[in-house]
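The structure appears right after this line, and notes come after that.
The values are calculated or read from the model by the stated rules, or taken from the named source; none is laboratory data. Quick caveat: nothing in here was measured; it's all calculated off a predicted structure. Positions of Cβ are generated from backbone atoms using ideal geometry, with glycine treated the same way; all protein chains shown enter the neighbour counts.
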Amino acid sequence: MFESKTRDNSSLLVKLMLRKSLLGLKAVEQKCALDLFAGNGEIASRVYQDFPELHLVENDSAKFARLKRKFGDEAGIKLWNLDNREFLARKLKTIPELSVVDFDAYGSPNRQIQLFFENWRLKKQLLIFATDGFTLARLRGREFSPMLYCAGPDSESGAGYDPVLSRNFELLIRAFWEEMSKLHQFRIPLFKILWKKRRQVAYYGLWIEPK
């Protein structure tokens, strides 16, 4: 019998290596981390738990209960039982400063990335980590949405999308971030991508700074 439940086919070890290697560059002060796809807290407990301030966002009630058991009594850790898009729209601006934002998604995190920059003014250097498994999700039957990879004013309609890019997942991701950097006026001094599942799942991290 086939399972319909979504599985995380990623490698936790690769995700941890990516995050620790970029944090080790000391490009940002490790003050406040925001994990928008907190899940069971596997990444947060290994990478961000020593940050003075940590925000964990998780909508699933069972996973949120596990987060409360794991982190609930620790000072400096704030748990949010919200859809991450609702958090970005309503709560993000209540955080005074960020060092790291983590978008460890199952499919594409790009809508959440767009919402983040719509609600956050970049004032200093920031590390961003993400998992993008949209190619794998597409193979499993999810419809491809070009507007997810268009960051500019035409993103709602998908106008200006280059279908050739859809055949090269890395170019698609990098083109999205190039648009984001132009739209929100930041530079990308470092962009690192690692791959799993025959280049169907991208794990990436980038260091950005305002122009």
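Descriptive notes on the structure:
- Within the stretch 177-194, the set of residues being touching a Leu at 6+ places or on another chain (Cβ under 8 Å) and surrounded by 15 or more Cβ atoms within 10 Å (Cβ to Cβ) comprises TRP177, HIS184, PHE186, ILE188, PHE191, LEU194.
- Of the set (1) modelled with pLDDT of 95 or more; (2) outside any loop (DSSP other than H, G, I, E, B), all apply to LYS70 but (1).
- Test: GLY39 is touching a strand residue (DSSP E or B) at 6+ places or on another chain (Cβ under 8 Å) and on the phi > 0 side of the Ramachandran plot: yes
- Whenever a residue of the stretch 115-131 is free of Cβ contacts under 8 Å to residues at least 24 places away in the same chain, its partners that are surrounded by fewer than 17 Cβ atoms within 10 Å (Cβ to Cβ) and assigned to a strand (DSSP E or B), lying with C-beta atoms within less than 9 angstrom and at least six residues away or across chains, give the pairs ARG121/PRO210.
- Among the numbered conditions (1) farther than 19 Å from PHE191 by Cα; (2) part of a loop (DSSP other than H, G, I, E, B), the only one that ALA65 does not meet is (2).
- Selection from the stretch 67-77 of residues that are crowded, with 16+ Cβ neighbours inside 10 Å and not β-branched (Val, Ile, Thr): LEU67, LYS70, PHE71
- Test for LEU34: is it out of contact with any helix residue (DSSP H, G or I) (no Cβ under 6 Å at 6 or more places or on another chain), modelled with pLDDT of 95 or more and in a loop (DSSP other than H, G, I, E, B): no
- Only one of the listed residues (LEU16, LEU23, LEU12, LEU82) is in contact (Cβ under 8 Å) with a residue 24 or more places away in the chain and closer than 22 Å to LYS123 by Cα. That residue is LEU23.
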